[in-house]
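Trainee: Here it is: the structure, laid out below.
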Amino acid sequence: MAEIRVPELAESITEGTIAQWLKKPGDYVEKGEYIVELETDKVNVEVISEEAGTLQELKAEEGDTVEVGQVIAIVSEGGSSAQPSTPDSNETQEPSSQEAPKQESNQTETVEEVKQDKKNRPIASPAARKLAREKGIDLSQVSSTDPLGRVRKQDIEAHSQAPAAPSKPATESKAPAAKKDDSKPVVREKMSRRRQTIAKRLVDVQQTAAMLTTFNEIDMSAVMELRKRKKDKFFDDHDVRLGFMSFFTKAVVAALKKYPYVNAEIDGDEIVLKKFYDIGMAVSTDDGLVVPVVRDCERKNFAEIEGDIVELATKARKNKLALSDLQGGSFTITNGGVFGSLLSTPILNGPQVGILGMHKIQLRPVAIDKDTMENRPMMYVALSYDHRIIDGKEAVGFLAMVKDLLENPEDLLLEG
């Protein structure tokens, strides 16, 4: 027998969630083959089997929280690739005498229950059936969040908690409230581990930092004109497209050099001034916001920065980011403009003390002088900062320098 344990994930990560079993009991697995996907606070990790053999038993269900070192599965060494009859099969064949003890162990159901029940019962995991019996819940009344309709343990828990939802204000009678709850469709969805982590970190930042935001606006005419002239040759030379992010990254690095406290963090009663420029780029994925880091931006040219951004964004959306891709950033840029946001207040990516928010480019009338107005492509930008170590003068100066560099992008070549 070989035990499959949760591996060491990272120094700061001690637990994860079973996201998906890639194999089921009875499946034959090769040595080194992936058998389960774990979701951690930051990335998903696939766990391999250290032995070839038959996956004999799962010690945790999808959605369960497991700790580093915990046994989550048993693999019998050797074995064969023959497929077993699974507890949730729709076949009506009676289990063999060898399978009965295993079913009784995992499901606490007798063979007689299986014979009477199996044909018409809903598809559900063994843990879900056990919990449903304990709580006296009819599985046919439970809504499943699984795409295949399989009722899982968390579905039972959600069903059992539904009547215990917070009551309506005292001014409303209990009977109408209960009737209203029954008549209106709702879906209870457990937050993913990543979403829980995002929620906790955002709340922590707002509770522990003295966060303020200052705003400015940038005339993007010069950047857009330069990009239009250079984008084809840039792509031919570097095989990557020239976007706005490399301009903003270079402008941010130059401003951080002039205003070093924006590139810092607080550690107890000390200020840690960072002499490196690893810029986090917020990326939206189906599982939530992640912030992979582009390293050593002060040493990289526009093409290298654009290439890194494309690579990290692709990995993020394919859920292939490594922990090293997410750690150690000194400042963050987030671009709500890609979703149409005209103006917003970004929240700090702790323990960093500064984050720059980009927004939608929109034509607006601008006073060129006292007699002339022109429609210009304008972008609002926002700098959220920790007022504990950054004064308003520094914050405003930082953002003004970013504005000046982007409105005169040739200067970025000198800064770079």
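Trainee: Are there any pairs, at least 6 apart or on different chains, whose C-beta atoms fall under 9 Å, with the first in segment 195-213 and in a helix (DSSP H, G or I) and the second surrounded by 16 or more Cβ atoms within 10 Å (Cβ to Cβ) and basic (Lys, Arg), and if so, which?
Mentor: From residues that are in a helix (DSSP H, G or I), the pairs are THR197/LYS42.
Trainee: Test of understanding: among GLY329, GLY350, which residue is closer than 28 Å to PHE276 by Cβ, without any contact (Cβ under 8 Å) to a residue 60 or more places away in the chain and within 21 Å of the chain's Cα centre (by Cα)?
Mentor: Values: GLY350 fails: without any contact (Cβ under 8 Å) to a residue 60 or more places away in the chain.
Going through GLY329, GLY350 in turn, the sole match is GLY329.
Trainee: OK, next. Which one of these is outside any strand (DSSP E or B), open to solvent by 30 Å² or more (accessible area, probe 1.4 Å) and without any contact (Cβ under 8 Å) to a residue 24 or more places away in the chain: GLU298, GLU304? Before the answer, list the steps.
Mentor: Details: GLU298 fails: without any contact (Cβ under 8 Å) to a residue 24 or more places away in the chain.
Of GLU298, GLU304, the one residue that is outside any strand (DSSP E or B), open to solvent by 30 Å² or more (accessible area, probe 1.4 Å) and without any contact (Cβ under 8 Å) to a residue 24 or more places away in the chain is GLU304.
Trainee: Does LEU226 qualify as being part of a loop (DSSP other than H, G, I, E, B), farther than 28 Å from ASP386 by Cβ and either modelled with pLDDT of 95 or more or open to solvent by less than 50 Å² (accessible area, probe 1.4 Å) (or both)? Break it down into steps so the answer makes sense when it comes.
Mentor: On the way: part of a loop (DSSP other than H, G, I, E, B): no; farther than 28 Å from ASP386 by Cβ: yes; either modelled with pLDDT of 95 or more or open to solvent by less than 50 Å² (accessible area, probe 1.4 Å) (or both): yes.
Against the criterion (part of a loop (DSSP other than H, G, I, E, B), farther than 28 Å from ASP386 by Cβ and either modelled with pLDDT of 95 or more or open to solvent by less than 50 Å² (accessible area, probe 1.4 Å) (or both)), LEU226 does not qualify.
Trainee: Yes or no: segment 84-96 includes at least one residue that is at pLDDT 80 or above and over 23 Å from GLU157 (Cβ atoms).
Mentor: So in segment 84-96, the residues at pLDDT 80 or above come out as none.
Taking every residue of segment 84-96 in turn, none turns out to be at pLDDT 80 or above and over 23 Å from GLU157 (Cβ atoms).
Trainee: Cβ-Cβ distance below 6 Å, separation of 6 or more or different chains: which pairs start in segment 9-33 with a residue that is within 20 Å of THR65 (Cβ to Cβ) and end on one that is small (Gly, Ala, Ser) and at pLDDT 85 or above?
Mentor: ILE18/ALA60
Trainee: Right, here's the next one. Would you be able to say whether some residue in segment 341-353 is modelled with pLDDT of 95 or more, surrounded by fewer than 22 Cβ atoms within 10 Å (Cβ to Cβ) and closer than 21 Å to MET211 by Cβ?
Mentor: no
Trainee: Let me ask something else about it. Taking LEU312 and the conditions (1) in contact with a Pro (Cβ under 8 Å, 6 or more places away or on another chain); (2) closer than 20 Å to TYR259 by Cβ, which numbered condition does it fall short on, given that it satisfies the others?
Mentor: All conditions are met except number (2).
Trainee: Taking segment 382-411 as the search range and keeping residues that are basic (Lys, Arg) and more than 29 Å from the chain's Cα centre (by Cα), which one is surrounded by the fewest Cβ atoms within 10 Å (Cβ to Cβ)?
Mentor: Step one: of segment 382-411, the residues basic (Lys, Arg) are 388, 393, 403.
If we keep only those that are more than 29 Å from the chain's Cα centre (by Cα) as well, we get 393, 403.
Details: LYS393: 9, LYS403: 18.
Filtering segment 382-411 for residues that are basic (Lys, Arg) and more than 29 Å from the chain's Cα centre (by Cα), the one surrounded by the fewest Cβ atoms within 10 Å (Cβ to Cβ) comes out as LYS393.
Trainee: Can I ask one more? For ILE13, are the conditions met, namely being open to solvent by less than 20 Å² (accessible area, probe 1.4 Å), under 23 Å from GLU77 (Cα atoms) and not polar (S, T, N, Q)?
Mentor: no
Trainee: Continuing with the same structure: Can you find a residue in segment 374-396 that is more than 15 Å from ILE218 (Cβ to Cβ), in contact with an Asp or Glu (Cβ under 6 Å, 6 or more places away or on another chain) and in contact (Cβ under 8 Å) with a residue 60 or more places away in the chain?
Mentor: Looking for residues that are more than 15 Å from ILE218 (Cβ to Cβ), in contact with an Asp or Glu (Cβ under 6 Å, 6 or more places away or on another chain) and in contact (Cβ under 8 Å) with a residue 60 or more places away in the chain, one finds none in segment 374-396, hence no.
Trainee: Quick one: count up the residues across segment 315-336 that are of a type outside the set (A, V, I, L, M) and at pLDDT 90 or above. Reasoning before the result, please.
Mentor: Step one: of segment 315-336, the residues of a type outside the set (A, V, I, L, M) are 315, 317-320, 324-325, 327-332, 334-336.
If we keep only those that are at pLDDT 90 or above as well, we get 329-332, 334-336.
Matching residues across segment 315-336 total 7.
Trainee: Something else about it: Have a look at LYS231, LYS200 and point out the one that is closer than 25 Å to PRO409 by Cα, modelled with pLDDT of 80 or more and open to solvent by 80 Å² or more (accessible area, probe 1.4 Å).
Mentor: On the way: LYS200 fails: closer than 25 Å to PRO409 by Cα.
Of the residues listed, the single one that is closer than 25 Å to PRO409 by Cα, modelled with pLDDT of 80 or more and open to solvent by 80 Å² or more (accessible area, probe 1.4 Å) is LYS231.
Trainee: Another question, then. Residues in segment 237-245: is at least one open to solvent by 10 Å² or more (accessible area, probe 1.4 Å), within 30 Å of ARG195 (Cβ to Cβ) and out of contact with any strand residue (DSSP E or B) (no Cβ under 9 Å at 6 or more places or on another chain)?
Mentor: Taking every residue of segment 237-245 in turn, at least one turns out to be open to solvent by 10 Å² or more (accessible area, probe 1.4 Å), within 30 Å of ARG195 (Cβ to Cβ) and out of contact with any strand residue (DSSP E or B) (no Cβ under 9 Å at 6 or more places or on another chain).
Residues checked against (1) part of a strand (DSSP E or B); (2) touching a helix residue (DSSP H, G or I) at 6+ places or on another chain (Cβ under 7 Å); (3) at pLDDT below 95:
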| site | (1), (2), (3) |
| --- | --- |
| LYS370 | no, no, yes |
| ARG376 | yes, yes, no |
| VAL381 | yes, yes, no |
| SER384 | yes, no, no |
| ALA395 | no, no, no |
| LEU399 | no, no, no |
| VAL402 | no, yes, no |
| LEU413 | no, no, yes |
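Trainee: Another one. Scan segment 255-295 for residues that are in contact with a strand residue (DSSP E or B) (Cβ under 9 Å, 6 or more places away or on another chain), in a helix (DSSP H, G or I) and open to solvent by 50 Å² or more (accessible area, probe 1.4 Å) and jot them down.
Mentor: Result: TYR261, single match.
Trainee: Which pairs have Cβ atoms under 9 Å, sit 6 or more apart or on different chains, and link a residue in segment 268-283 that is touching a residue at least 12 places away in the same chain (Cβ under 8 Å) and within 15 Å of ASP386 (Cβ to Cβ) to one that is open to solvent by less than 30 Å² (accessible area, probe 1.4 Å) and not β-branched (Val, Ile, Thr)?
Mentor: ILE271/ALA264; LEU273/ASN263; LEU273/ALA264; LYS274/LEU256; LYS274/ASN263; LYS274/ALA264; LYS274/SER330; LYS274/PHE331
The values are calculated or read from the model by the stated rules, or taken from the named source; none is laboratory data. No experiment lies behind these values; they were computed from the predicted model shown. All Cβ positions, glycine included, derive from the backbone under ideal geometry; neighbour counts span all protein chains shown. To get the accessible areas, we keep the full protein, side chains included, count just its heavy atoms, and leave off ligands, DNA and RNA. Shrake-Rupley method; radii C 1.70, N 1.55, O 1.52, S 1.80 Å.
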